[in-house]
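All of the numbers you see were taken from the coordinates with simple rules; none came from a lab. Since the structure is predicted, the reported quantities are computational estimates derived from the model, not experimental observations. All Cβ positions, even for glycine, are placed from backbone atoms using ideal geometry, and neighbour counts span all protein chains on display.
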Amino acid sequence: MRMDLIQPFINSADAVLAQGLQSPVSIETLSMEEEAYRRKGVAAEVFLTGEIEGRIIFDVDLEAAVQLASHLGGVEVSETDDDLVREAVCELANQIIGNAVTALNDQGFHFHVRPPTQHTSEQGSKSSEDTEALVMGFNTSSGNVFMNVALCYHGGPAVERSAVAG
Amino acid sequence: MEKFAPVKRSEDGQPVRYLIVDDSVFARKNLARMVETFGGQVIGEAGDGVSAISEYDRLTPDIVLMDITMPQMEGIEAAEKIVRAHPNARIVMVSSVGYQENIVAALQRGARHFVQKPVKPEVLYEVIKYVMRDDGTTARGAGA
């Protein structure tokens, strides 16, 4: 998988999580995944279409998701507030992926992002030769956050194209 | 949350009335909490562009905070339709997807401003004052 497609997701997760939690975030793990993704906690899925196609699963340990929802929502949230916790994870996914999509579009990649949906199945679709998945694990003050990115690129070289365009 | 001098409507001193449009209930609640710290009043919410248009027609708010990526009808199209019917509508796009092409499209179709998510309250506050301009006033008399 092209690292220039991945780096904006790492930067965006780092920035959005650190701003939302008002504390530092570190990337703990980075690995390629060939097997189908197994959900770890509360997860949201976002699909991309256009020159870059694929899906991103944003997955948060339950305990961390509850803390994130409380922190970002400014109200005490418990594990029984299922809807609120899932909504918070979806919105966080939207912000992180949206900011990464912004950076990639401004670099000349043209594609569209769909609204996030809750990812409730235990297992995601298996990655293929065209859509290798990269799994990133972030350590935050609220707990562990994972992002599984499976993308493929259909367009021409964006940098060359934008250079020609002037 | 930070304290802000309330932004009021200059014509009658009443709170600025907001319509908040976002497919995320969580995001709507956060924005509502934020504008209430600016002294505003949330008079309506919508979860997609189609509902946003009907809610605007029904409520005629002072400001619309409009997400872009939404099901059924996206925010930019909804903003265009609202402004076509109500040329004085003040619509602020609030989205995590803030690439240049998107911002330009939103502004060309009648949006007054763009704020990128995650929203910083101090940024949104300044945008609200700017968008209200002569139609808004703050309690400290700093003007709009």
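Below are the figures for this structure:
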read-out	value
Spatially proximal lysines relative to B:LYS8 (Cα-Cα < 25 Å; intrachain offsets below 8 disregarded)	B:LYS29, B:LYS117, B:LYS120, B:LYS129
Positive-pole candidate from B:SER96, B:ALA52, B:TYR125, dipole of chain B, charges at beta carbon	B:TYR125
Antiparallel bridge percentage (DSSP; both residues within the protein assembly as shown; nearest 5)	70 percent
Cα-based convex hull, chain A, per residue volume (Å³, whole number)	104 Å³
Exposure rule at most 14 other beta-carbon atoms within 10 Å, DSSP loop trypsin sites (Lys or Arg not before Pro): chain B longest free segment	B:4-139
The protein assembly as shown: calculated mean residue ellipticity at 222 nm from DSSP helix runs of at least 4, using -39500 (n - 2.57)	-12500 deg cm²/dmol
Rounded to 10°, Cα long-axis angle of helix B:75-85 versus longest principal axis of chain B	70 degrees
Ranked B:LYS117, A:LYS40, criterion: other C-beta atoms within 10 Å, fewest first	A:LYS40, B:LYS117
Per-residue average of Cβ from other chains inside 10 Å of A:102-111	3
The protein assembly as shown: translational diffusion in µm²/s, Stokes-Einstein, Kirkwood Rh over Cα pairs, 10 °C, 1.306 mPa s	79 µm²/s
Cα centre as origin, Lys/Arg/Asp/Glu Cβ charges: the range B:13-132 dipole, Debye	280 debye
Nearest 10 degrees, 0 to 90: helix B:121-132 Cα axis against chain B principal axis	90 degrees
Among A:60-73, B:41-54, the order from most to least packed when residues are scored by Cβ within 10 Å on average	A:60-73, B:41-54
Partner aspartates and glutamates for A:LYS40 [C-alpha distance under 19 Å; skip if fewer than 8 residues away on the same chain]	A:GLU28, A:ASP59, A:ASP61, A:GLU63, A:GLU79, A:ASP81, A:ASP82, A:ASP83, A:GLU87, A:GLU91, A:GLU122
Axial C-alpha extent at least 24 Å, average Kyte-Doolittle at least 0.5 - helices from chain A (DSSP)	A:3-21
Antiparallel bridges, percent of DSSP beta bridges restricted to chain B (to nearest 5)	20 percent
Angle between chain B longest axis and helix B:49-59 axis [Cα atoms, degrees, rounded to 10]	40 degrees
Rg to Rh, two decimals, where the range B:1-129 supplies the alpha carbon set and Rh follows Kirkwood	0.93
